[in-house]
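Only one structure is covered here, and it is reproduced in the block below.
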Amino acid sequence: MKFSTQELTEGIRSGNKRLIAKAITLVESKKTEHRHQAEELLKLLMPFTGNSIRIGITGVPGAGKSTFIENFGRLVISHGKKVAVLAIDPSSAINKGSILGDKTRMEELSKEENAFIRPSPSSGFLGGVANTTFETMMICEAAGYDYILIETVGVGQSEVLVADITDVFLFLKIIGGGDELQGIKRGIMEMVDVVFINKVDQDNLQKAKNTRLELKRALDFIPPKEKDWRVPVLLGSALNNEGLDDVFEKINDFITLKKKTGRFAQVRVQQAEKRFEYWVQEYILAMMKKDGSAEEAYIQHKKNASAMVSNPSTEAKLFVEQFLNKD
């Protein structure tokens, strides 16, 4: 059944999970008619957005992200808040669908009335986010969700894209063998706001404390992302609900600081500008591909690039110049 833009708007505002899901599917669609309706919908929802705390959560596979999100989400709900989880799954290279199915891994949280979980395929988009994650957040905010948790695939590449659409960037770490700092990219450490060492128990407590000390020392050599904020390195076990209260407290302390300094609103403006730039590129490329007169030139320049007749970036520049300067 197709819903009108007004029906979707009213359904989202009233917290109807079925219509929230329908709206997100609409926003994710690449069909032209769906894109038009999605734009109308987002325009109507804009006055009701911007009131959530957006949290990006990353970590290597096995760090316990899903368990952390499930129990952290339930903790947030216990404080009288509503939680939306956008679990970005890696996509199949064949059918572009999600592989992991995070909703099935957060069974208890999915039963909560004040929780909404949406697994979305990354569809090949870099950084472990879907290309419409920002717009999906807008829908969840308009539906009244206070905290929006974005779980990335933890690929370790282009995580900056996650940091660019969230207010807090949380890094989950686990105790492993050898050098505890090995494999942690400096780029990720420059972006994190809170670190949580997960899966800590009595058997590895001392090792966890040593890792915390090493991480704190490493963070001391990195210029602070936010003035007057020293990135906390916390210990705990998401499975046993240990240390999650500390994470919740530090996240709220960080948001309070950002709002006090004016950085919260400033960063939100920068994020919106980056989304504008992203969509400008997307729409220009889409227009080029639909333009019949440009198709032949596009194919030729693409062949030149693939055959390395000249640098691919040069061929792209020549094609764009030819497209923009045509009569």
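The values are calculated or read from the model by the stated rules, or taken from the named source; none is laboratory data. Everything numeric here is computed off the predicted structure, so don't read it as measured data. Glycine gets a Cβ as well: all are built from the backbone with ideal geometry, and neighbour counts include every protein chain shown. For the accessible areas, the whole protein counts, side chains as well, though only heavy atoms, and no ligand, DNA or RNA atoms are used. Shrake-Rupley method; radii C 1.70, N 1.55, O 1.52, S 1.80 Å.
Taking every residue in segment 31-57 that is within 16 Å of Glu7 (Cα to Cα) and pairing it with any residue that is modelled with pLDDT under 95 and assigned to a loop (DSSP other than H, G, I, E, B), at least 6 positions away or on another chain, the pairs with Cβ-Cβ distances below 8 Å are Ala38/Ser29.
Answer yes if at least one residue in segment 247-255 is at pLDDT 95 or above, under 28 Å from Asn51 (Cβ atoms) and assigned to a loop (DSSP other than H, G, I, E, B), and no otherwise. No, every residue in segment 247-255 fails to be at pLDDT 95 or above, under 28 Å from Asn51 (Cβ atoms) and assigned to a loop (DSSP other than H, G, I, E, B). The C-beta contact set for segment 287-315 (first residue among the aromatic types (Phe, Trp, Tyr), second residue assigned to a helix (DSSP H, G or I), distance under 9 angstrom, 6+ apart or interchain) comprises Tyr298/Met288; Tyr298/Lys289; Tyr298/Phe319; Tyr298/Phe323.
Entry remark, segment 256-285: residues being assigned to a helix (DSSP H, G or I), more than 19 Å from Ile165 (Cβ to Cβ) and of a type outside the set (Ser, Thr, Tyr) number 4 in total. Based on what the data block shows, is Val195 over 30 Å from Leu44 (Cα atoms), touching a strand residue (DSSP E or B) at 6+ places or on another chain (Cβ under 6 Å), modelled with pLDDT of 80 or more and surrounded by 20 or more Cβ atoms within 10 Å (Cβ to Cβ)? Answer is yes for this residue.
If the condition is being in contact with a helix residue (DSSP H, G or I) (Cβ under 7 Å, 6 or more places away or on another chain) and either open to solvent by 90 Å² or more (accessible area, probe 1.4 Å) or at pLDDT 85 or above (or both), then segment 290-309 contributes His301, Asn304, Ala305. In the set Leu239, Leu234, only one residue is within 30 Å of Met106 (Cα to Cα) and assigned to a strand (DSSP E or B); that residue is Leu234. The set of residues in segment 27-68 that are among the charged types (D, E, K, R), open to solvent by less than 80 Å² (accessible area, probe 1.4 Å) and more than 23 Å from Tyr145 (Cα to Cα) contains only Arg35.
In segment 268-289, of all residues being farther than 16 Å from Met138 by Cα and among the aliphatic types (A, V, I, L, M), the one that is least open to solvent (accessible area, probe 1.4 Å) corresponds to Met288. Taking the criterion of being surrounded by 13 or more Cβ atoms within 10 Å (Cβ to Cβ), over 15 Å from Val267 (Cβ atoms) and not β-branched (Val, Ile, Thr), the residues of segment 224-239 that qualify are Pro232, Leu234, Leu235, Gly236, Ser237, Ala238, Leu239. Within segment 1-26, the set of residues being open to solvent by 80 Å² or more (accessible area, probe 1.4 Å) and under 23 Å from the mean Cα position of the chain (by Cα) comprises Arg13, Arg18, Lys22.
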